[in-house]
Structure formats: C-alpha cells, structure tokens
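Beneath this line is the structure, given in structure tokens, with notes to follow.
The values are calculated or read from the model by the stated rules, or taken from the named source; none is laboratory data. Since the structure is predicted, the reported quantities are computational estimates derived from the model, not experimental observations. Positions of Cβ are backbone-derived with ideal geometry, glycine not excepted, and every protein chain shown enters the neighbour counts. Ligands, DNA and RNA are stripped out before the accessible areas are found, and what is left, the full protein with its side chains, is counted by its heavy atoms. Shrake-Rupley method; radii C 1.70, N 1.55, O 1.52, S 1.80 Å.
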Amino acid sequence: MRIAVFGTGTVGRALAGALAERGHEVTVGTRDPGETASRTGPDRMGRPPFSEWQAGHPEVGLADYAGAAGSAELVVNATSGAGSLPALGAAGAARLAGKVLVDVSNPLDFSQGMPPVLNPVNTDSLAERIQQAFPGARVVKTLNTMNAA
Ligand SMILES: NC(=O)c1ccc[n+]([C@@H]2O[C@H](COP(=O)([O-])OP(=O)(O)OC[C@H]3O[C@@H](n4cnc5c(N)ncnc54)[C@H](OP(=O)(O)O)[C@@H]3O)[C@@H](O)[C@H]2O)c1
C-alpha cells in the first residue's frame, strides 16, 4: 500500500519505519524536505536529525505534505497538535478526499508552560476539527495514547 506519514518526529519515524518493514511504500511528509534533510544535530527534544534516521531507512521517501499525500492511498497524521491543521491544509483537501486519514496527534498546548494542557478538549477535539476541515477524508483517531516506543 502507498502510505503517507506526516511527521518527522519520534512518532512519524516509528510508524514509517514499521510500515516500510512490512512492505508498504512509505513517504514521510514534512514542511520543507530540503530543510528537513539538511538539519544537523539534535532537535529541541534531543532527537537525532531526520537524515540520520533516514540513512537507516533508505526505502522511506521524504516529500512535502502535498507530495507525500498525492499518490498515497492512506495518510497518517503524526504532526504536532498545533501543526496538524496547517500540515493537512498544505496537503490540500483534494489530496485527502476519499482516503482514510489515521490521526495519531494530540493537541498539546505548551503556551502556559509545562506540563502542557489539551486544547481543544472535552466538548471538542482535534480529530473533530480535522474532520470538519476535511469532510472528504475518513478520519480515524487511534494510537494517540500509545507510546511511540
Ligand atoms: N511521543 C509519543 O509517544 C506519542 C504517542 C502518541 C501520539 N503522539 C502525538 O504524535 C504527534 C507527533 O509527535 P512527535 O513527538 O513525533 O512529533 P512533534 O515534534 O510533536 O511534531 C513534529 C512534526 O510536526 C510538524 N509540524 C510542526 N509544526 C508544524 C506546522 N506549523 N505546520 C506543519 N507541520 C508542522 C513538523 O514538521 P517538520 O517536519 O517540517 O519539522 C514535524 O513533522 C504529536 O501530536 C504527539 O502529541 C506522541
């Protein structure tokens, strides 16, 4: 299956690697592939750069969100909570229409410091907002309470 995994962090890497190992054709989505590939040194979470991870997974592609979603049959959203709607918006509603969109994200709000709070929460959720913004996608919320390790 052709699968787009949006997100270059721990979760995107875990899912992309595991799906590729099972024989799927996986492309990771990011904002700017050139910039992402050129990153050196650990990110703010102390994770090694994406290029280091990709060197061990040469079968996994890297593209911008639209490029990754374009030919995908299934899309996984593993971007940050605040980045999810922008990432999916960059992919474009037409590229998500009719596809299952597996949403692994959590809407963690760090604006008040640590620990983060959930926003939206209780009477609303990020997955509902994603479904409202992209009515043609078939949003499935799952794995977001499963540790990426
Ligand atoms: N850690 C866990 O065990 C765990 C488990 C389940 C679910 N989750 C959830 O899974 C998601 C991914 O977590 P993570 O730690 O792997 O990664 P993360 O650091 O939360 O997110 C990184 C990804 O978000 C993208 N991003 C950030 N801001 C953006 C924006 N404004 N527009 C577009 N894209 C943007 C980044 O794009 P670039 O590639 O361009 O930098 C990157 O691909 C989160 O929502 C998290 O809460 C985490």
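Residue-by-condition table, conditions (1) open to solvent by less than 100 Å² (accessible area, probe 1.4 Å); (2) within 10 Å of the ligand (Cβ to nearest atom); (3) in contact (Cβ under 8 Å) with a residue 40 or more places away in the chain:
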position: 132; (1), (2), (3): no, no, no
position: 140; (1), (2), (3): yes, no, yes
position: 143; (1), (2), (3): yes, yes, yes
position: 149; (1), (2), (3): no, yes, yes
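Every listed requirement among (1) open to solvent by 20 Å² or more (accessible area, probe 1.4 Å); (2) at pLDDT 95 or above is met by residue 76 save one, (1). Considering the conditions (1) surrounded by fewer than 16 Cβ atoms within 10 Å (Cβ to Cβ); (2) within 12 Å of the ligand (Cβ to nearest atom); (3) not hydroxyl-bearing (Ser, Thr, Tyr), residue 128 is excluded by exactly one of them, (2).
Against the list (1) open to solvent by 30 Å² or more (accessible area, probe 1.4 Å); (2) within 15 Å of the ligand (Cβ to nearest atom); (3) within 20 Å of residue 68 (Cβ to Cβ), the condition residue 136 fails is (2). Does residue 67 satisfy the condition of being under 26 Å from residue 49 (Cβ atoms) and either in contact with a Leu (Cβ under 7 Å, 6 or more places away or on another chain) or outside any loop (DSSP other than H, G, I, E, B) (or both)? It is true that residue 67 is under 26 Å from residue 49 (Cβ atoms) and either in contact with a Leu (Cβ under 7 Å, 6 or more places away or on another chain) or outside any loop (DSSP other than H, G, I, E, B) (or both).
State the number of residues belonging to the stretch 98-125 that are open to solvent by less than 50 Å² (accessible area, probe 1.4 Å) and in a loop (DSSP other than H, G, I, E, B). Adding up the residues that qualify gives 9. Taking the stretch 37-70 as the range and being touching a helix residue (DSSP H, G or I) at 6+ places or on another chain (Cβ under 9 Å) and either β-branched (Val, Ile, Thr) or open to solvent by 70 Å² or more (accessible area, probe 1.4 Å) (or both) as the test, the residues that pass are 38, 39, 40, 45, 59, 60. State all residues of the stretch 65-81 that are touching a Lys or Arg at 6+ places or on another chain (Cβ under 8 Å) and either touching a residue at least 40 places away in the same chain (Cβ under 8 Å) or over 11 Å from residue 92 (Cβ atoms) (or both); if no residue qualifies, say none. Scanning the stretch 65-81 gives 65, 69, 71, 72, 73, 74, 75. Note on the stretch 126-136: residues that are in a loop (DSSP other than H, G, I, E, B) and either touching a Gly at 6+ places or on another chain (Cβ under 8 Å) or among the hydroxyl-bearing types (Ser, Thr, Tyr) (or both) total 1. Reported count of residues in the stretch 11-36, each being open to solvent by 20 Å² or more (accessible area, probe 1.4 Å), under 21 Å from residue 72 (Cα atoms) and either in a helix (DSSP H, G or I) or away from the ligand (no atom under 11 Å from the Cβ) (or both), is 14. Of the residues that sit in the stretch 90-118 and are over 18 Å from the mean Cα position of the chain (by Cα) and of a type in the set (S, T, N, Q), which one is nearest to the ligand (Cβ to nearest atom)? Out of the qualifying residues, it is 111.
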